[in-house]
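Everything below concerns the one structure shown next.
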Amino acid sequence: MFFKLFLFLMPRKVKEFFKKLIKNILRDEFDKKYLPEVEMKIDRTEQKLFHQIKNQNFQLSKLAVTDKNSKIQHYPLSVYLETSLKCNLKCIMCPGHSFNKEDKTKGQDFGILSPEIFKKITPLFPYLDRCILSGDGEPFLNMHLLKYLKELKRHQIFVGFITNGILLKKETATKLIELGVDQITFSIDSLEKELYEKIRVNAKFEILMENIKYLFSEKERLNGLKTNITIAAVLMRSNYKEMRKFIKFASDWGINQVLFNPLIRYPDDRYLRFYDDNCLTEENLQNLKTEIPDLIDYSRKLRVDFVLAFFPGIRDLPERKKFKGDIICSEPWTTMFITWDGHVRTCCLNETSLGFLKEDSIENIWFSKKYQDLRDEITSGKIVNPFCVNCIKTSRQDFIINEIEKILFSMREFLEQTW
Ligand SMILES: C[S@@+](CC[C@H](N)C(=O)[O-])C[C@H]1O[C@@H](n2cnc3c(N)ncnc32)[C@H](O)[C@@H]1O
Ligand code: SF4
């Protein structure tokens, strides 16, 4: 009674102030009590939706590959984003670093994949299974990297990247784990300091080791169980005898996978002499062929995943799985490689531009006649694209097949999740 009288006598403005205050308090109570639950429900509904879209897209892609259909209805399963063309190192085998000289005259954004280009790719996100944030340069030079990672993870996409690891700052390492990055591959071409620094010009062996160690400690501290830390090495005459050592190192450090690539001859005249002097010889390859079964056993014993990418002449080993279809390369049905400035290619080895994101949408490019023609070329077996010819000649399609299997496998895992 007294309270009613008090309200009645209160001036209007004061009354409204109190009403607002009570409303706010009640809303805060509601927010505290129910909002997290509502948000969780929205998140789960969004996840379910992505799951259904990705599942359907995957089924359509499988049909298109098995039917050798070049006029497709599905979207890519996998995208490589060249987040940076610039690099902090000048590795002896990599033609990419020669771009560094150019960037001084072209401004600081030259070579960096911009948020505008990233935005052009977002229509693919609901369909995408995986995205690798690396191309020809060093991804940690891209200042937007964590923002890109966050957006991709929001769409339930497997995100990984390949790095020289030298620029990995502590706060970035923490953020990567917090944001749930799925895979980080460190390129180490030797475990001997002297040789490593001779190959990876401008890098310091101790810095790389410290950075990997820190990432592991953050993974443990933050319980980032899903982040896979792996290593990769380019095998040349100088380091190919270190393979066993790499496997042991991986096992000692808790690294899940070691990836070995042979030195690739990029079509760059300045490197021809270097390739002649450093590519594995026939004799090296024969030695490898006899050692590999042992290395496979050794890596199994140490529980390290041993991946040998496109080595000519040794792809007939029984351990190598074969893709069930008979298309020699499925990249044009599954994958896009996007350069820092927005050119779309099928993969990092094929420099043919199939479209330009500054002039066209990503969907138009993916469903374009140009992409379709390349698919037709592959199914016809009369391949004329010089990059594809080079790839097939050097047996690189084996690696691509492995990649597809990985995609299919990760999709299968993804599909098996219960919601
Ligand atoms: C071009 S780099 C870009 C990512 C990062 N800067 C790095 O070094 O990991 C990607 C991978 O290509 C490898 N690579 C560079 N030149 C190569 C060549 N000629 N043949 C084979 N692999 C090469 C690197 O060792 C690295 O593992
Ligand atoms: S760090 Fe990577 S991109 Fe840079 S020069 Fe070395 S291999 Fe090439």
Residue by residue through the stretch 334-348, what is 3J(HN,Hα) from phi via Karplus (6.51 cos²θ - 1.76 cosθ + 1.60, θ = phi - 60°)? Round to whole Hz and write x for glycine and proline.
10, 10, 10, 10, 10, 6, 4, 9, x, 7, 9, 10, 7, 7, 5
Taking other Cβ within 10 Å of each residue's Cβ, how do C131, C347 sort, fewest first?
C347, C131
Less than 18 Å apart at the alpha-carbon level, and either on another chain or at least 8 residues along: which aspartates and glutamates does that give for K23?
D31
Provide F58, F367 in ascending order of the number of other Cβ atoms located within 10 Å of each residue's Cβ, fewest first.
F367, F58
Using only the alpha carbon atoms of the stretch 147-195, find the Kirkwood hydrodynamic radius as the inverse mean reciprocal pair distance, in angstroms to one decimal.
12.2
Positive-pole candidate from L235, N256, I166, dipole of the stretch 165-282, charges at beta carbon:
N256
Residues meeting the amide H criterion for H343 (H placed from the backbone, H to H distance under 5 Å, 5 or more places apart or on another chain) are L357
What is the Cα coordinate range of the stretch 82-215 on the first, second and third principal axes, sorted by size from largest, in whole angstrom?
46, 37, 23
With θ set to phi - 60°, apply the Karplus curve 6.51 cos²θ - 1.76 cosθ + 1.60 along the stretch 384-390 and write out the HN-Hα couplings as whole Hz, x wherever there is a Gly or Pro.
10, 4, x, 6, 5, 4, 4
Given 12-19, 259-266, the highest-first ranking by average Cβ count within 10 Å works out to 259-266, 12-19
HN-Hα J couplings of the stretch 250-266 from phi, Karplus 6.51/-1.76/1.60, θ = phi - 60°, integer Hz, Gly and Pro as x?
4, 5, 4, 9, x, 8, 6, 9, 10, 10, 10, 10, x, 5, 8, 8, 6
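The numbers here are math on the coordinates, done by the rules we state, and not lab data. All values derive from a computational prediction rather than experimental measurement. Neighbour counts are summed over all protein chains in view; Cβ atoms, including those assigned to glycine, are modelled from backbone coordinates with ideal geometry.
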